[in-house]
There are 2 protein chains.
Amino acid sequence: MTFDQLKTFLWVAKLGIIRRAADEMNLSQPAVSARIYALESELGVQLFTRQKTGVVLTKEGLLLRSHAEKIESYMELIKSELTPDEEVKGIIRIGVAETVAQSWLSDFLTALRKIYPKLVIELSVDITINLREQLLSRNLDLAFLMGPLTEGNVENIPLPKFKLNWFCSVNETSPDPSTSPIFSFSRLSRPYQDLVFELMQRYGSAGQIFPSNSLSTSFEMIASGIGIGALPAQLAHRFINDKRIKTFDPGWIPKDMLFTASYLNDPRSEITHQTAILAEKIATQNAAMIAAPANKTL
Amino acid sequence: MTFDQLKTFLWVAKLGIIRRAADEMNLSQPAVSARIYALESELGVQLFTRQKTGVVLTKEGLLLRSHAEKIESYMELIKSELTPDEEVKGIIRIGVAETVAQSWLSDFLTALRKIYPKLVIELSVDITINLREQLLSRNLDLAFLMGPLTEGNVENIPLPKFKLNWFCSVNETSPDPSTSPIFSFSRLSRPYQDLVFELMQRYGSAGQIFPSNSLSTSFEMIASGIGIGALPAQLAHRFINDKRIKTFDPGWIPKDMLFTASYLNDPRSEITHQTAILAEKIATQNAAMIAAPANKTL
DNA sequence: AGAGGTTACGGGCAGCGTAAGGATC
DNA sequence: GATCCTTACGCTGCCCGTAACCTCT
């Protein structure tokens, strides 16, 4: 009975399909089958019933799972407690919403690389709905997105919220959300949908909204007077300092954007967990630092 | 990090000498060294400090040990809960005191073979002091001896006691412990020493005592009138039924013989534990069965 | 035809044992 | 010399991937 066999068993038990477990573990499907067979033969017990649709745990399999999970968690504990941080190897695939990418991501990556210099970081910046999908299909280990995700096996760590504010070109004299074109987030994003909802509530109709998945583009457009925008206050300071855009107050602001650091806790990876914790720490520091000098720029 | 590495690590940690761990695990000494090195290199931590006298755990090693022990115990749990008894393989080396060998051992072995038909049983019958030594040096897995053993890492399960009684030839008219030669156990055994002590206390001197490590020989000698004996009541019934020996009452009987099923709980083997439990059960049943019809034979 | 699992088979490498080497008493 | 660990090296056998096969929808 090897540890690899147990880990394989847990993946198969979780996914219910040998083929998929093989993909997940970067193994060929026969290799996974063989490991399960070896385990069953060594224990002298059938662990799964083979069905056309996949495999299902037997009651002996259920028993094994509970113990195997304990063993795996101790293994993780050993790795995380004993491996010096600077020796931690591996790869972590992180998905990031653009707002985060534009704010504290670089601070976070700097800190992460300092702690785990040998850890390979694979970034992908995308909108929350895509990040969610990638995370759930295990193509990401960790995502900073507009959460929380309510799936059962997702761990969500709250991150500092982003306040939205209204922006327009400095040349604009009478910006009005009920008439001006509004730059907002991607059509599938929550802020976009919240915005539409608010506009309908307040003005009876939503005027023209330009969804964009590039925040800097949106700010550029606003600066050039094409429209106004309901965008993260924190990301506007460069344009404001350059006196290209300004804020205005139509009497209300859209809801805050709530972010979380989310990850599957399947086979709970201690590194992923630690990384999420670090993100929360860096983001909070960043928010505090912004808050102080922000008074004079906003 | 493989399970074999962890198990090896635990043995080395326990014994403090790589060479000894290698012997214990039936591996070459370099193989054990290599496993430890592999583990240290994977964790990026030194687990032992090498010294002339052997190896000593570092503080990281101590940390690992606690987790590794948990993992090992779960592994044992898996094996014992999931392997159907009739599939249990392996070898168990059992040491038996002669009194046990002559009483319930055969019942016990029958029951054990029925439960674990594929388990290889290696028996050795010897006196308690030798069994103790063999057990502590790990040449036995389990011993039924006059316990308990007070070493820290020994588990003792109490077994039914054996009452001693006085026996003499049926032709003997005036048997007397203070004058007749007495057949007893081996000179190094507790009953022998207790007997000497009692004789000194009661008669001021101990007459001739014939120590013997063969109970059946002792009974034969008694039957032939060479002397009397203070021997286990339970083992005499054949000679009594044949009307070759009889009991007599000099007004006192030697102390009971206390037995235990004892085993090291180093890396606690679940099979050894279960076997000890079985022995206790069979021995108790046997004692009860003897007690009932014994009334008419004794 | 596609999605699931099993069987067959050749090759790579992890890990073992043997043997020699070094350090310390 | 005895004891204990390390290094060197060749070999074995496990286990993986490829490929072909089976079964069901």
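Values quoted throughout were computed directly from the atomic coordinates according to the rules given, and no laboratory measurement underlies them. This one's a predicted model, so the numbers in the text were calculated from it and none came from an experiment. Cβ coordinates were reconstructed from backbone atoms using ideal geometry, including for glycine residues, and neighbour counts include every protein chain displayed.
Computed over every Cα-Cα pair of chain A and binned at 5 Å starting from 0, the pair-distance distribution P(r) comes out as 1, 5, 10, 13, 13, 12, 11, 9, 7, 6, 5, 4, 3, 1, 0, 0, 0 percent. Based on the Stokes-Einstein relation at 10 °C and a viscosity of 1.306 mPa s, and on the Kirkwood radius from alpha carbon pairs, the protein assembly as shown is assigned a translational diffusion coefficient of 51 µm²/s.
Between copies, the label points at A:N171 (set 7 angstrom from Cα along Cα-to-Cβ) are spaced 13.8 nm, reported in nanometres from shortest to longest.
Comparing B:K59, B:K243, B:K14 in a Gaussian network model of chain B where C-alpha atoms under 10 Å apart are linked, the largest mean-square fluctuation is found at B:K59. The spacing between the stretch A:194-267 and the stretch A:58-103, judged by their C-alpha centroids, is 36 Å. For B:V55, the residues whose amide H sits under 5 Å from its own are B:I17, B:I18, ignoring neighbours fewer than 5 places away on the same chain, with H placed 1.01 Å from N. Placing unit charges on each Cβ (+1 for Lys and Arg, -1 for Asp and Glu) gives chain B a dipole about its Cα centre, and among B:P250, B:S216, B:L47 the Cα reaching farthest toward its positive end belongs to B:P250.
Of the residues A:V125, A:S106, A:I17, the one whose Cα sits farthest towards the positive end of the charge dipole of the stretch A:1-151 is A:I17 (charges of +1 on Lys and Arg Cβ, -1 on Asp and Glu Cβ, taken about the Cα centre). Taking a point 7 Å out from Cα toward Cβ as the label site, list the nm distances between B:Q51 and the same residue in every other copy, smallest first. Listed shortest first, these distances are 5.9 nm. Principal axis extents of the Cα atoms in the stretch B:1-139, from largest to smallest and rounded to whole angstrom, are 55, 36, 24.
With neighbour counts taken as other beta-carbon atoms within 10 Å, the residues A:Y74, B:Y116 rank, fewest first, as A:Y74, B:Y116.
Largest GNM mean-square fluctuation across A:A288, A:A143, A:A261, computed for chain A with C-alpha springs under 10 Å, falls on A:A288. Taking B:D194, B:D256, B:D23 in turn, the Gaussian network model of chain B (Cα-Cα springs below 10 Å) assigns the largest fluctuation to B:D23. Distances between equivalent label points of B:S137 across the copies, with each point positioned 7 Å along Cα→Cβ, amount to 6.5 nm, shortest listed first.
Of the lysine pairs in the stretch B:74-180, how many meet both conditions: Cα atoms under 28 Å apart, and a spacing of 8 or more in sequence or different chains?
On the way: B:K79/B:K89; B:K79/B:K114; B:K79/B:K118; B:K89/B:K114; B:K89/B:K118; B:K114/B:K161.
Qualifying lysine pairs in the stretch B:74-180: 6.
The mean number of Cβ atoms from other chains found within 10 Å of a Cβ in peptide B:62-72 is 4, as a whole number.
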